[in-house]
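Asks: Structure in structure tokens, see below.
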Amino acid sequence: MFSRVEFLDPYYDSFLRLERCPITHLALGLLLFVAVARAERVAPLEGTSMRAVITTGAAGLPRLRVFFFIEDGVLNIMHVEHYDELEP
């Protein structure tokens, strides 16, 4: 488990690039909830300590992904972005 959650500067920069609409912010809120609630259950991306949670586009949510990592007991939220389902 981690002792706190920190939003890093790259997260804020990427957040400002998201489209400003309620459904995007709803999707982001859901992803942040999952990242915090299940951080240690999300497998790190291959060859890194970075992890990602994504929306699947179900229920009409926009496709978003949030990148984060756990270091020294801190959950660090690194970046959020729109993505294309055909991207790796």
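Asks: Averaged per residue, what accessible surface does the chain expose to a 1.4 Å probe, in Å²?
Replies: Accessible surface, normalised per residue, equals 63 Å².
Asks: Is the shape of the chain rounded, prolate or oblate, going by the alpha carbon gyration tensor and its root eigenvalues a ≥ b ≥ c, with a/c under 1.5 for rounded and a/b larger than b/c for prolate?
Replies: Details: a/c = 1.69, a/b = 1.45, b/c = 1.17.
Prolate, because a/c is 1.5 or more and a/b exceeds b/c.
Asks: Among DSSP beta bridges whose residues both lie in the chain, state the antiparallel percentage, nearest 5.
Replies: Percentage antiparallel, nearest 5: 75.
Asks: Quick one: order ARG4, ARG20 from most to least accessible surface, probe 1.4 Å.
Replies: Order by accessible area, largest first: ARG20, ARG4.
Asks: Can you pull out the GluC sites (Glu not before Pro) in segment 11-68 that DSSP calls coil and that have at most 16 other Cβ atoms within 10 Å?
Replies: Those satisfying the criteria are GLU19, GLU46.
Asks: Another question, if that's okay. At a 1.4 Å probe, what is the % contribution of carbon and sulfur to the accessible area of the chain? The partial results should precede the final answer.
Replies: On the way: 3230 of 5570 Å².
Carbon and sulfur atoms account for 58 percent of the accessible area of the chain.
Asks: Let's see if you can work this out: charge +1 on each Lys and Arg Cβ, -1 on each Asp and Glu Cβ, no other charges. What is the dipole magnitude of the chain about its Cα centre, in debye to the nearest 20?
Replies: 320
The values are calculated or read from the model by the stated rules, or taken from the named source; none is laboratory data. What you see is a predicted model; the values in this text were computed from it and never measured. Please note: Cβ atoms are built from the backbone with ideal geometry, for glycine as well, and neighbour counts cover all protein chains shown. Side chains included, ligands, DNA and RNA excluded: accessible areas come from the protein's heavy atoms. Shrake-Rupley method; radii C 1.70, N 1.55, O 1.52, S 1.80 Å.
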